[in-house]
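Please read the structure below before turning to the comments.
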Amino acid sequence: MDTELIAQLAGAGVALGIIEGIKPGPLLTMVIRESLSKGLKAGMWT
């Protein structure tokens, strides 16, 4: 595969992950729960 295509797909994946992590719903609840129980670093890597 072309390196540029891989970079574009990775960027799209990161953007979608950030958007889904911020929207209210089950994923946000999980991130908040992990952050409160194990600290901010654990919540960021959830």
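Each value in this text was obtained by applying a stated rule to the coordinates, not by laboratory testing. No experiment lies behind these values; they were computed from the predicted model shown. Neighbour counts run over all protein chains shown; Cβ positions are idealised from the backbone, glycine included.
In deg cm²/dmol, rounded to 500, what helix-only [θ] at 222 nm does the chain give when every DSSP H run of at least 4 residues adds -39500 (n - 2.57) and the total is split over its residues?
On the way: 3 runs with 38 residues, N = 46.
Mean residue ellipticity, 222 nm, calculated: -26000 deg cm²/dmol.
Placing a pseudo-label 7 Å from each Cα along the Cα-to-Cβ vector at Ala7 and Lys38 gives an inter-label distance of 3.2 nm. Rounded to the nearest 10 degrees, the angle from helix 26-38 to the longest Cα principal axis of the chain is 60 degrees. Working from Cα positions, state the angle (0 to 90°, nearest 10) between the long axis of helix 3-22 and the longest principal axis of the chain. Long axis of 3-22 versus the principal axis of the chain: about 20 degrees. The residues packed around Ala12, meaning those with a beta-carbon under 14 Å from its beta-carbon, carry a net charge of -2 if Lys and Arg are +1 and Asp and Glu are -1. Normalising the average separation of contacting C-alpha pairs (under 8 angstrom, six or more residues apart) by the number of residues puts the relative contact order of the chain at 20 percent.
For segment 3-44, the fraction of C-alpha pairs farther apart than 11 angstrom is 65 percent. Simple rule: put +1 on each Lys or Arg Cβ and -1 on each Asp or Glu Cβ in the chain, find the dipole, and look at Gly39, Ala7, Gly17; the Cα lying farthest toward the positive end is Gly39.
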